[in-house]
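Chemist: Sharing a structure, written as structure tokens. Questions coming.
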Amino acid sequence: MRTFMIGAALLALGSGAGAQENYESWRLHTPTFPSTGGGGVIIGEYKPVIAGDKCMTDFTATLPDGKVYYNSVEFDAVPAQGGTLCTNGRWRAKDGSSQGTTPYRVFFKDGVVRGSP
């Protein structure tokens, strides 16, 4: 159940990359946001940083019953549209109990961080 809930929450965060996307049109990224996958899951403390050719952050997934799961995610950091696109996200539970991928992406440019719609 835990893997399903976390995976569903992350899967619902965004969609895959398109050929002609304008990353600067994405919404401003915030560290706390509701999962669009339903179920009332709240993603928190999501503060990605770029380190070499990777983007990474620790984050929480809080279920409606208050149970908090601690996770981390790592993306590939690639140059795009004059900034850096964090894509191909791979997340894992801090306790090693589950892992998966996420289509959510983050774009950094000129000090502004945006999240995929």
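The values are calculated or read from the model by the stated rules, or taken from the named source; none is laboratory data. It should be emphasised that the depicted structure is a prediction, and the values quoted were computed from it without experimental measurement. Note that we place each Cβ from the backbone using ideal geometry, even for glycine, and neighbour counts take in every protein chain shown. With ligands, DNA and RNA removed, areas are computed over all heavy atoms of the protein, side chains included. Shrake-Rupley method; radii C 1.70, N 1.55, O 1.52, S 1.80 Å.
Chemist: Test residue 104 against the criterion of being aromatic (Phe, Trp, Tyr), buried (at least 19 other Cβ atoms within 10 Å of the Cβ) and either without any contact (Cβ under 8 Å) to a residue 24 or more places away in the chain or part of a loop (DSSP other than H, G, I, E, B) (or both), and give yes or no.
Modeler: Working: aromatic (Phe, Trp, Tyr): yes; buried (at least 19 other Cβ atoms within 10 Å of the Cβ): yes; either without any contact (Cβ under 8 Å) to a residue 24 or more places away in the chain or part of a loop (DSSP other than H, G, I, E, B) (or both): yes.
Answer is yes for this residue.
Chemist: Would you check if residue 71 is of a type in the set (S, T, N, Q), part of a strand (DSSP E or B) and open to solvent by 20 Å² or more (accessible area, probe 1.4 Å)? Walk me through it before giving the result.
Modeler: On the way: of a type in the set (S, T, N, Q): yes; part of a strand (DSSP E or B): yes; open to solvent by 20 Å² or more (accessible area, probe 1.4 Å): no.
No, not satisfied.
Chemist: Anything in the stretch 91-101 that is surrounded by 13 or more Cβ atoms within 10 Å (Cβ to Cβ) and either at pLDDT 95 or above or closer than 14 Å to residue 54 by Cβ (or both)? List them, or say none.
Modeler: Our first condition is that a residue be surrounded by 13 or more Cβ atoms within 10 Å (Cβ to Cβ); within the stretch 91-101, this holds for 91-93, 98-101.
91, 92, 93, listed by residue number.
Chemist: Okay, next question. Kindly check whether there is at least one residue in the stretch 79-90 that is open to solvent by 50 Å² or more (accessible area, probe 1.4 Å), part of a strand (DSSP E or B) and polar (S, T, N, Q).
Modeler: Yes.
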